[in-house]
1. In bins 10 Å wide, starting from 0, what share of all Cα pairs of chain B does each bin hold, as a percent?
2. Using a 1.4 Å probe on the heavy atoms of the protein chains only, list every residue of region B:162-188 that has 20 Å² or more less accessible area in the complete assembly than in its chain alone.
3. Tell me the angle of helix B:113-132 to the major Cα principal axis of chain B, expressed in degrees between 0 and 90 and rounded to the nearest ten.
4. Taking the Cβ-Cβ separation of A:Leu47 and A:Ala470 as r and a Förster radius of 25 Å, what is the calculated FRET efficiency to the nearest 0.05?
5. Along the positive direction of the dipole of region A:5-486 (beta-carbon charges: Lys, Arg +1; Asp, Glu -1; about the Cα centre), which of A:Thr158, A:Ala329, A:Pro387 reaches farthest?
6. For region A:282-331 and region A:427-484, compute the distance between their C-alpha centroids and round to whole Å.
7. Report the extension gain between B:Glu474 and B:Ile405 in nm, rounded to one decimal, defined as 0.36 nm multiplied by the number of residues separating them, less their alpha carbon distance.
8. Averaged across A:385-393, how many Cβ atoms of other chains sit within 10 Å of each residue's Cβ atom?
Amino acid sequence: MTLPVLSIIVFTPIVAGMLILLIPGDRKREVRLAALAASVVALGLSLWVYLTYDRSAGGYQFVERASWIPRLGISYYVGVDGMNLPLVLLTGIVMFTGVLISWGLDDRPREFFAFLFILATGVFGVFVGLDLFHLLFFYEIAVFPMFLLIAIWGWQVTREYAAMKLTLYLFIGSVVALVGILAMYFTSGLQSFDMLALEQANFAPDFQRTWFPMVFFGFAVLGGIFPFHNWSPDGHVAAPTAVSMFHAGVLMKLGAFAALRVGIMLLPEGAKFWSPLILGLATVNVVYGALIAMVQTDFKYVIGFSSVSHMGLVMLGFATLNRDGLTGAGLQMFSHGVMTALFFAVVGMVYDRAHTREISKLGGFSKAMPLVALAFIVGGLVSMGMPGFSGFVAEFPIFLGLWRAQPIVAIIAALGIVITAAYIMRVIGRVFFGSMPAEFEGHISPINNLDRIALVVLAGILVLVGIQPAVMAPLVQSGADNVIRLLGGA
Amino acid sequence: MTDFLSTHVLSIILLSPVAGAALVLLLPASRVRAIRWTAFVVSLVPLAFSIWLWTAYDAAVPGYQFVEKAAWYSAIGSSYHLGVDGISISMVLLTTLLTPLALLISWSIDERVRGYMALFLMLETGMLGVFLSLDLLMFFVFWEIGLVPMYFLINQWGSANRNYASFKFLIYTMAGSLGLLLAIQLIGLASGTFDLVEITSRWTALNEPLTVLGLPVALPIGTVKAIAFWAFVLAFAIKVPIWPFHTWLPDAHTEAPTAGSMILAGVLLKLGAYGFLRFVLPLYPEQAQSFAWVLGLLAVLAIVLGAFSSWAQDDFKRLVAYSSVNHMGFVVLGVAAAAQARGTLAAADAVIAVNGAVLQMFNHGLSAAGMFLLVGVIYERTHTRDLTAYGGLFPLAPVYGGILIFTAMASLGLPGLNGFVSEFMVVRGVWPIFTVYTAVGMIGLLITGAYVLKGLGKVLHGPRNEKWQGHDLEIRRREIVAIAPLMALMLVIGVWPGWILGVINATVLRLFG
């Protein structure tokens, strides 16, 4: 009997979360250690799966299946391929670093980690799910704790507003997607939610064209697609650091991934029909998101809008519907996840010390926190798509795919890169260099070792993928090939 | 051992600086002396290997030598592919030579020395990568990587107006490389590979219209090539820089720390010119031929207007900065002539012109680096770059004065020194191809004399500015050590250019003969 390793990954966080709730609330140290232990297990196993996945064989591996509600054809069905495996690893990484960053959180850490871990289980569950019902089930599990995490531990000024806005947006999105999913279920006549079976259901082209937008855009709301993106910067900003990391790093990928897995892969004809619209909207994401990021005065909002811009690139990659574009989108999901987690970690560290995020009031932080500045610069270079960093490795194939699909879009979207360079350089210059305002002089405490580990891990991954794309690109490409196969080998 | 060396020497040259940077970063920040020496000694490693490379390189063998190829980003068909020919090997030698000298002159940096030295070494890897890459994507990677350390060197260690200058430098270059990136993608798409050697044959032979999904008609291949051609030209033109894309240069050069200016003028400008020779001419021979007159015209404008601008400066460093526009104009003029003469009877003249252009790249590297070094020396002593604030300093700093005159003469093109050889060859080669341009360019040569002498006169001669009486303005021993190799090479190339021209010529003949 083989070890059900994916199930262990999925359920470790939630089980740990429940166990943490059993620890008395004032034993904060034990709570944190338990959280750390759970995240190490999840990360270690994700890494193990990542390394032992047989790349030459490809396809879904580590598959587990158990009957869940047999009467409705619902099963617990998990497996990984080249598309979702990097995302599982990403979740492990963000979970681990998120726990490290939250070590200093002093307000009810027990409940905080419990909710965070329920969220993590939901995320893992969606990424590995091969059953539509299973996927949607974990999707809701992932969305709900977000409300509590932001509303309770968030930034006082906007937390209630942001939490409500985010939850409403995402629920509406998922309800719309659910309608589409039910339509698929009933039309297929297979009496099954098994996605691998539904892939072969041969839905009529008309049916696909009708329902594709509901499914795709329903999920893409969580991916931040324009014009449904505006919950995301508010949510990012209001959330506490570790939650922002999860939120931008992983949750937005959840939306994008589900839009790909359910929308594009199950309704390929619909995807072909609607791809021009997605291309158009996602181009707006890339360029408009970058422009809005440039005019923000709040450090955290800059990063929040940069996510809107970068997720646009993921959507662009999807909408190319070709091998290069999809490979790039897969890589971009991973790269952006790690990068934005790094960004929010840095923003959190600066905010914890300065108690302000107004860019005009900050300055000179590189002297007090050199490693933080360095990490932010690495993230910034990734974000600019600088060669030698993972952003380039991801964006380059996306643009290759765009040339094939729609050259005009490639040229317009490329503007986003220059604008990104401008706002990133502006933030680096204003926050980390220049002279430090007098009120901070001598008051900026250095970061602790746990923070250092988190930053080094995140930045190291970005550089590793950048200089040696072979650690990830071929894997993602095999996943993209699978999508291409469903699209009819286009 | 020799086997291992000859199959890996390029990787060693390319990667030893970045390994050295990592080493430097491991040292404690307070050990300034150790950091400086480590960085300097590390930078001698690529120099030693490139000298070995120079001796082992066989000019008679056609094609690229010391080729290395390994899988890199196989998902999109790009590989780690290195190699050198006569053009790139001289640029590699120039880069590895200038870096240790620039580090030597950086002893005066005493703020955050560790970061400075590490960035400098990373910069060296970026520059070497551009010259060594035989894969378009790798080329682009290094092209961009070099930008980042330079940005921070100017932004963090530059003088008063550094924020403006560094931002302008970055945005100009990135705007140029954006087009380059799109064009590289287009080429990769059309030819299915990024390997330069394969592309050179496939892409140029490509005659089918390029079908792009989503467009109603297939793009005529001529249009595609013309778009890609202009994207390449623009990126390289900004880097060289060709008039009117040069305005970032005086700012960046003036604000950069001395060693940064040395590398900027000595090597970074050559990246653009190298791009013309390595990519634009071989990949777009027809487009280049039809637009050669534009390129030639801009080159002449750069020569003449660069010289006039330089003459008008009262800031010593700005004067030297504008002189780069003037001197690089000759390189571009040679390139334009080669583009124009392809397949005509004048090809033999074009070979002379390109030989001159490549040698001019090398020579300008020596003299511009030397001039910036000397400007840095006098600035450090006097804390001013204002030419009107100097005056009659020769008696106060006789050794410095002698070195300055020598270097300035090399820059001016005095026969017997290096600048004369290359400029003469360019002019000789271009004359039959672009007679009018060459004649107009001569005006620039005249003004070159005017601004060089203006600089010398204001600093060394004329009525003594009594303010400096009693100041120690003399050049230090370490600085003499840094400039001595440059002076030696200026003289050697001026008297006996054969040792380097032989290597360059063999490759140029094969490419353009």
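The values are calculated or read from the model by the stated rules, or taken from the named source; none is laboratory data. Keep in mind the model is a prediction, meaning the values are calculated, not measured. As a convention, Cβ positions derive from the backbone with ideal geometry for all residues, glycine included, and neighbour counts pool all protein chains shown. Areas reflect the complete protein model, heavy atoms only, side chains present, ligands, DNA and RNA absent. Shrake-Rupley method; radii C 1.70, N 1.55, O 1.52, S 1.80 Å.
1. All Cα pairs considered, the percentages come to 4, 20, 31, 27, 13, 4, 1, 0.
2. With the partner chains in place, region B:162-188 has these residues losing at least 20 Å²: B:Phe167, B:Leu170, B:Ile171, B:Met174, B:Leu178, B:Leu181, B:Leu182, B:Gln185, B:Leu186.
3. The answer is roughly 40 degrees.
4. 0.90
5. A:Pro387
6. Measuring centre to centre over Cα atoms gives 18 Å.
7. Going from the current span to full extension adds 23.4 nm.
8. Partner Cβ neighbours, averaged per residue: 5.
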